[in-house]
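Here the structure is laid out as structure tokens; the discussion comes afterwards.
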Amino acid sequence: LYVNTVALRMGFSGTDSFRELLRKARQVTMEAYEHQIYPFDHLVEELGLERDMGRHPLFDVMVVLQNNERTDLDDLKADDGFEIQEFASVENIGSKFDIQFMFTERDRNMELSVVYNNDIYNSSNIERLSLNLERLMHSVLLTPNSKLYELEYLPKTEQLQLLKYLNNASIDYPKEDTLIDLFELQAGNTPDAVAAIYGQSCLNYQQLNEEANRLAHYLRDKKGIKREELVGISLERGIPMIITILGILKSGGAYVPIDPNYPEERIEFILIDSKCRVVIDKNEFEHFQKKSRNYSSENPIPVNKSKDLAYIIYTSGSTGKPKGALVEHRNVVRLFKNETPLFYFGSNDVWTMFHSYCFDFSVWEMYGALLFGGSLVIIPNQVAKDPELYLSLLAEKQVTILNQTPSYFYTLMRKELESNKKALVLRYVIFGGEALTPSVLSGWNKKYPEVRLINMYGITETTVHVTYKEITETEIQEGTSNIGKPIPTLSCFVLDNNKNIVPLGVPGELYVGGEGVCRGYLNRKALTKERFIKNPFNTTERLYRSGDKARLLENGELEFLGRMDDQVKIRGYRIELGEIEHVLLKHPDVAAAVVLATQNMHRERELYAYIMTQAEMDAKELGSYLSGKLPGYMVPSRFVRVDAIPLTANGKVDKRALAEIGGDSLLGTKDYEAPLGEIEEYLAYIWAETLDQNQEMISRNVDFFSLGGHSLKAIIIINKIEVDYSINLGMATFYQNPTIQNLAIQIDFLRKQNSNRKDKSKMTQIKI
């Protein structure tokens, strides 16, 4: 049997009609048939493609059409005694491709069988895909001139099911209440309970309420603050910060947090953009305190409605300028008070306010305590930077509710696991702000199995939290970044580029609807229009376009897949950095990992992995580990050991600082052997130059590809060797001998072979 595969490369646009697609497919196929005699194996070899035993080098999808005329078996059962029988089916024992569609013409019908890689798909995936294909064909036949993106491939029943999975928006909440209404009610119920603690200072609910009232009257009477007027706050951590936030809200205004440690340029931008007429900084607050007794401690007459502004938090913008998200009272109220609460917070709970008030996680921390009668422990800067001090404070204050970004918690957890003593009395650890890697939590879960671990995905523009997922032993073992389902009053949608809902398991962009969606951006009408859109499934509602990639799992929960714009392109491959980090963190000796795409000295983008390790490791070991789980192009070219992952003030990974940080390269830390002889030293030199590595760290026994080498760089190396040694080395020899030690032996052998040929040539000339 002689079969030659024809690889087809065809581009098309979603705006093409099916007829146009068919015409292009016909043209590409006919042109390919003109060259079909060219052997496929030679094509792969000539292209110099990277080989990966787990994947096909050129394509992932194979289409086979069996359209041979069927032989009539009765005609063959002739007089020669033969008996011929047809097999109904032949079992496939493996798939050479991710997925293979096999079409067979039979009795004026077209039969389809699908062979698939069960590491990637399961039977339910394929069944749904087959139904989608059937629906797509039906749609094509009805409207062949429709644009491709307009064709339907989801049955109506599946569309309704997908919309239902992630809709939790119909939950009721106190729609008329403001944050101040709820706080004043709580202060009246528990006046003597401790409300706020900072160091040795503390205020009970009555005292906090009265101080905030005085500031509110001061702002109204002295500063003329009106309803929804923006008031800046630029204070360090402490009780005055809490008094000021509540005082601004009680005055009828909305607060604009400005970290006094921000760069001057950012502070100036926020002040100009927000047009804050009043800014409460250290001097202004001290001025108020001197005269605070002149102002009433009674609750001011409320002027706000639930749809009025509560605060504006500025987040980073893609243009380099921050953008202010306009959050209303109702957006925050429904987060804590609704008909189906996910948490049970109470007056016995002790919270920490760890995060900057410029980060919306602080909104959850502050009101989570103060709207339920709990105590809020404000964490000093020096304590927040020292995990050991922080753990001591958590034990001393008997903290029950801990809110952390995963990056900081991993550091805190490692420090806590060093001790066998169980000093903490936590009820909840609530994660937010970053993607969580549940597998890292195994040690913590064993020490504190009674502590509930909650993963919450959130966005500033949709008011702190969007989804909820409790992390149990099952999630820790599976290790996926499952973010669960929408919290009460919210809905989520996973849509494609044309805002069509995508099937189960298919990645798309996450959109969020419901009562948490904020008003928009301050002074940014065009951006507001772009990011806050009409819900295509309910025109009375708005959706926020998150820019995050997610997919809906079969259990109706969401898996977070990183930013839509967090893709990088390395040597033509699109790569999700989060996927590499996720695999690295599964290594038992890797405590933390961040992968960046960095430009090397040759101005090429390469992957650098910055890791914290719990044991001595080297690049060869890590490279080998990753190579067993990821394609070669996703293995970082350099691994850098760091003592700590730098974090921003909000507890997120500071990637800019990480790119600038020093670290001990992991290359050659275990099995380093210095190059021996002239050829090996030459190879070490050109490897270091080509790979942008330190020559003294390149061992004679290290694999070229484990150092970040790839086919393009291999070609550069081979060309240099062939020119400098006047030999024909070839790609195959290089791939078979990817270490300096072995390659040097081959070079020496080829040099001697060339020398012998020259000597024989001279002898022949003499004889003649």
### Which of TYR367, VAL327, GLN382, positive extreme of dipole for region 307-406 (C-beta unit charges)
VAL327
### Beta bridge orientation in region 389-519: antiparallel %, DSSP, nearest 5
60
### Task
May I ask you to evaluate 6.51 cos²θ - 1.76 cosθ + 1.60, the Karplus curve with θ = phi - 60°, for each residue of region 329-337 and list the ³J(HN,Hα) values in order in whole Hz, giving x for glycine and proline?
4, 4, 4, 7, 4, 5, 5, 9, 10
### Query
Normalised by the number of residues in region 402-461, what is the relative contact order in percent for Cα pairs under 8 Å and 6+ residues apart?
42
### Message
Amide H of ASP548 versus every other amide H placed in the peptide plane: which residues, excluding those fewer than 5 positions away on the same chain, fall under 5 Å?
### Response
LEU510, MET564
### Relative contact order (%) - region 261-383, alpha-carbon pairs under 8 angstrom, separation at least six
16
### Task
Give, rounded to the nearest 20 debye, the magnitude of the charge dipole that the chain has about its Cα centre when Lys and Arg contribute +1 at Cβ and Asp and Glu contribute -1 at Cβ.
2600
### Task
Positive end of the charge dipole of region 429-578 (Lys, Arg +1 and Asp, Glu -1 on Cβ, about the Cα centre): tell me which of GLY556, ALA526, LEU510 has its Cα farthest that way.
ALA526
### Query
Which angle from 0 to 90°, rounded to the nearest 10, does the C-alpha axis of helix 156-165 make with the longest principal axis of the chain?
50
### Message
Can you compute 3J(HN,Hα) from phi for each residue in region 448-453, using the Karplus curve 6.51 cos²θ - 1.76 cosθ + 1.60 with θ = phi - 60°, rounded to whole Hz and x for Gly and Pro?
### Response
10, x, 7, 7, 7, 9
### Extension reserve of the GLN398-ILE745 stretch, reckoned as 0.36 nm per residue once the Cα distance is removed
118.3 nm
### Query
Roughly what % antiparallel, to the nearest 5, for the DSSP beta bridges in the chain?
65
### Task
Counting helices only, and only those DSSP H runs with n ≥ 4, report the 222 nm mean residue ellipticity of the chain as the sum of -39,500 (n - 2.57) divided by its residues, in deg cm²/dmol to the nearest 500.
-10500 deg cm²/dmol
### Query
Label GLN289 and SER347 with points 7 Å out from Cα along Cα→Cβ: what is the distance between them in nm?
2.9
### Task
Could you calculate the contour length gain from ARG106 to ILE661, that is, 0.36 nm times the residue separation minus the distance between their Cα atoms, to one decimal place in nm?
193.3 nm
### Task
Once you have the Cα-Cα distance between GLN159 and ASN261, take 0.36 nm times their residue separation minus that, and quote the gain in nm to one decimal.
31.8 nm
### Query
So what is the accessible area of the chain per residue, in Å², with the probe set to 1.4 Å?
52
#### Entry: Given LYS175/LYS275; LYS156/LYS652; LYS96/LYS752; LYS282/LYS485; LYS323/LYS586; LYS275/LYS397, the pairs whose alpha carbons are separated by over 31 Å
LYS156/LYS652; LYS96/LYS752; LYS282/LYS485; LYS323/LYS586; LYS275/LYS397
### Among [x] 118, 73, 50; [y] 128, 63, 54; [z] 86, 61, 50, the entry derived from the coordinates for Cα extents along the principal axes in Å
[x]
### Task
Evaluate E = 1/(1 + (r/R0)^6) for LEU21 and LYS446, where r is the Cβ-Cβ distance and R0 equals 45 Å; express this FRET efficiency to the nearest 0.05.
0.25
### Query
Any idea what the relative contact order of the chain is, in percent, if you count C-alpha pairs under 8 Å spaced at least 6 apart?
8
## Note on the structure
A 1.4 Å probe over the protein heavy atoms gives the chain a carbon and sulfur accessible-area percentage of 49
### Query
What is the spin-label model distance, in nm, from VAL61 to THR5 if the labels are put 7 Å beyond Cα along the C-beta direction?
1.5
### Query
Using mean Cβ contacts within 10 Å as the protection proxy, how do 235-247, 614-626, 260-272, 129-141 order, highest first?
235-247, 614-626, 129-141, 260-272
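The values are calculated or read from the model by the stated rules, or taken from the named source; none is laboratory data. As the structure is a computational prediction, the values presented were derived from the model and not from experiment. Positions of Cβ are generated from backbone atoms using ideal geometry, with glycine treated the same way; all protein chains shown enter the neighbour counts. Calculation scope for accessible area: heavy atoms of the full protein, side chains included, ligands and nucleic acids excluded. Shrake-Rupley method; radii C 1.70, N 1.55, O 1.52, S 1.80 Å.
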